[in-house]
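Quick notes on the structure that follows.
The values are calculated or read from the model by the stated rules, or taken from the named source; none is laboratory data. On a predicted model such as this, the values are computed, not experimentally measured, just so you know. Ideal geometry is used to build each Cβ from the backbone, glycine not excepted, and the neighbour counts take in all protein chains shown. Remember, those area values only see protein heavy atoms, side chains included, never the ligands or the DNA or RNA. Shrake-Rupley method; radii C 1.70, N 1.55, O 1.52, S 1.80 Å.
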Amino acid sequence: KPKFVEEIKSLEKELVEVTNNSLLLISIQIESTKEKLKKDLIDFYLQYPELISNQNNLFWNDNEDYKVIEATNLANETIYNIKWPKAFELLKVFGIKIDFSDITFEDLQNEKLLNELHERKLIDDVDINNLADFGKAVKVSE
């Protein structure tokens, strides 16, 4: 058990390192996604200028600079209204959780326990057969 715990601590340190390295990369990717979406939205609004205004206004219909400004404003408004995740929020779910369980050789002979573990999908068909065989092979001394 001590060697196992030591290995887990090593993995936890490695996980912290990977998480710290990923934080900036994910933040950059989120910002990049915002910029790509903004460009795509501007292109979309320019392709469908009737979405810029519900009024068919002759004063701005031929004014390309105005359309670009309004398309950019609408794209910014859309991007602003999206709840973008923070990089740390995406990474905070990563971790190592250890739950030790005291399973004895007697437990391995308990068919009810093995079936319950199997029903909860904690062990599969192969595991249940192997554990049952192991439990039968081990004689518990009194």
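Structure values in brief
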{"item": "Failed item, numbered, when Lys86 is tested on (1) open to solvent by less than 100 Å² (accessible area, probe 1.4 Å); (2) within 18 Å of Asn21 (Cα to Cα); (3) charged (D, E, K, R)", "result": "(1)"}
{"item": "Yes/no for Ile30 being part of a helix (DSSP H, G or I), surrounded by 11 or more Cβ atoms within 10 Å (Cβ to Cβ) and either touching a Ser or Thr at 6+ places or on another chain (Cβ under 7 Å) or at pLDDT 90 or above (or both)", "result": "yes"}
{"item": "Pairs with Cβ under 8 Å, 6+ apart, first in segment 45-64 and over 19 Å from Asn76 (Cβ atoms), second modelled with pLDDT of 80 or more and surrounded by 12 or more Cβ atoms within 10 Å (Cβ to Cβ)", "result": "Asn61/Pro49"}
{"item": "Exclusive hit being surrounded by 12 or more Cβ atoms within 10 Å (Cβ to Cβ) and either at negative phi or at pLDDT 90 or above (or both), set Phe44, Phe59", "result": "Phe44"}
